[in-house]
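Here's the structure we're looking at; comments come further down.
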Amino acid sequence: MRKTLLTFLALAALPAPVPAAQNYESHQAIRDAALAHARKLAAQFPGKIKVSTSPLDRRLRLPACDRPLQAYNSPNGLRPGRGVVGVRCEGSHPWKLYVGVQIATLQPVVVLARPVARNQLLQAADLKTEWRDTSRLHRAYYTRDDLPALRGMKARRALPAGQVLNPTLLGLRQLVWRGARVEILARHGALQVRMAGKALQNGSRGQRIRVRNLSSGREISGEVIASGVIQVSP
């Protein structure tokens, strides 16, 4: 009994064995390598950049690398949104894998400050800018520089407050109606000639429509530049 007890005490005095997990590469080190690489590439994207990495599978066990980890681009490169970055070990036990990354590009975009009804003309009080992750916006969007041009446009349908505006949601305000009398403006340098006409099409600012000169009866096309005013080339 005494011999058994001495043997037990001797074994207890020995240092504890090194956990096997220490022979594996740290998941955090792998993610840090991918994160640093993604941040470097993301510096070229517009807006405020926020980069994060996805957790690795807990079951993943890769040999600890005896050389610095290397990060590299995937064949598809890296763009705003979701992507991957490669990380590899070129040590005595080489390996490589892809780490998921998310790149958010935060920019101020135009949104509705309050709900609007279908066909409602937008006013300055209806519009504001908010910071949004543009990598998640699947359509074109407007920025602060577009605010003046958006005033006077109309909503194609009822829209809620906070809606990010894009060209599919808005239409131009109609300035000319088919069959209405219009003013035809012809400019040649400093010289301006104004004539009475009749619109043959509806039109919004910037659109080219057909009109009839009421004096000559001739049909011509011109650009809508204001309510009831069509500018034609001389």
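The values are calculated or read from the model by the stated rules, or taken from the named source; none is laboratory data. Here the structure is a predicted model, which means the values were calculated and not measured. Note that each Cβ is placed from the backbone with ideal geometry, even for glycine, and that neighbours are counted across all protein chains shown.
Observations, loosely collected:
- Among (1) touching a residue at least 12 places away in the same chain (Cβ under 8 Å); (2) in a loop (DSSP other than H, G, I, E, B) - the single one GLY100 does not satisfy: (2)
- From ARG157, ARG187, residue being in a strand (DSSP E or B), in contact (Cβ under 8 Å) with a residue 12 or more places away in the chain and basic (Lys, Arg): ARG187
The rows are residues; the columns are (1) modelled with pLDDT under 90; (2) assigned by TED's automatic domain parsing to the domain that holds LYS50; (3) in contact with an Asp or Glu (Cβ under 7 Å, 6 or more places away or on another chain).
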| position | (1), (2), (3) |
| --- | --- |
| ARG139 | yes, no, no |
| ASP145 | no, no, no |
| ALA180 | no, no, no |
| GLY203 | yes, no, no |
| ARG210 | no, no, yes |
| ASN213 | no, no, no |
| GLU223 | no, no, no |
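- A count restricted to region 32-79 and to residues that are in contact (Cβ under 8 Å) with a residue 24 or more places away in the chain and part of a helix (DSSP H, G or I) stands at 8.
- Scanning region 68-97 for residues that are within 21 Å of GLU25 (Cα to Cα) and in contact with a Ser or Thr (Cβ under 8 Å, 6 or more places away or on another chain), we see that the one that is surrounded by the fewest Cβ atoms within 10 Å (Cβ to Cβ) is GLY86.
- Checklist (1) closer than 30 Å to GLY203 by Cβ; (2) over 23 Å from the mean Cα position of the chain (by Cα); (3) exposed (fewer than 15 other Cβ atoms within 10 Å of the Cβ) applied to ALA149, failing item: (2)
- Summed over region 211-234, residues that are among the charged types (D, E, K, R), more than 11 Å from VAL182 (Cα to Cα) and either in contact (Cβ under 8 Å) with a residue 24 or more places away in the chain or not in a loop (DSSP other than H, G, I, E, B) (or both) total 2.
- Odd one out for MET195 among (1) over 30 Å from the mean Cα position of the chain (by Cα); (2) in a loop (DSSP other than H, G, I, E, B); (3) hydrophobic (A, V, I, L, M, F, W, C): (2)
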